[in-house]
Amino acid sequence: MFTSVLMIEQPLTAVDVDFVTTLHGDDSVSFVVLMQPRGDQDRLLRAIDDVALGELPEAIREADVPEGEAARGPAERALEHSMEALRNKGANVIGQIIEDHPLDKLKAVVEETGADEVIVLTAPHFVEEFFHRDWASRARHKVGVPVLKLFAHNE
């Protein structure tokens, strides 16, 4: 069985689920889903990304998005929704919320599970990507397995 660690920051859409569950053809795949609640440390970067994408109303609403402890409940619901969607496609799935040091936790999960790959599924983050500070770029130097970066879809 092939094991993928899936790092997400929002609930998986049906398109995302179809894509990650078919990446390896008919091979059996299990997923470890890691979900990080939003933190206030990246509010400015999210707003800049919204502006870069031409989504000015989204940039203005960044202050209204729950962060820190207030984001934990929505993150737990997003994780449960995503895991259920993957299970409905026949995948074996476990998951957890990660709040502190996500890349350290990612490395530990890869080692504990013997994962074959990491899939980072996020919205575009132009500023972080330009400076190679996004999750995928940083994970490639840390985890010791292939890291695939995919852009999440919106419903």
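What number comes out for the charge environment of residue 113, summing +1 per Lys or Arg and -1 per Asp or Glu over other residues with Cβ under 13 Å away?
Numbers: positive: 105, 107; negative: 111, 112, 116, 117.
Cβ neighbours under 13 Å give a net charge of -2.
State the extension gain, in nm to one decimal, for the chain segment bounded by residue 13 and residue 72, taking 0.36 nm per residue of separation less the distance between their alpha-carbons. All intermediate terms of the calculation are to be shown ahead of the outcome.
Numbers: separation 59, 0.36 × 59 = 21.24 nm, distance 1.95 nm.
Computed gain between residue 13 and residue 72 is 19.3 nm.
Between residue 116 and residue 89, what is the spin-label point distance in nm, taking each point 7 Å from the Cα along the Cα→C-beta axis?
So the label points at residue 116 and residue 89 sit 1.5 nm apart.
Just to confirm a number: summing +1 for Lys and Arg and -1 for Asp and Glu over residues other than residue 146 whose beta-carbon lies under 9 angstrom from that of residue 146, what do you get?
Details: positive: 140; negative: 116, 117.
After counting each charged neighbour, the total is -1.
A short reminder: the numbers here are calculations on the coordinates, not readings from a lab. Remember, predicted model here, so these are calculated numbers, not experimental data. All Cβ positions, glycine included, derive from the backbone under ideal geometry; neighbour counts span all protein chains shown.
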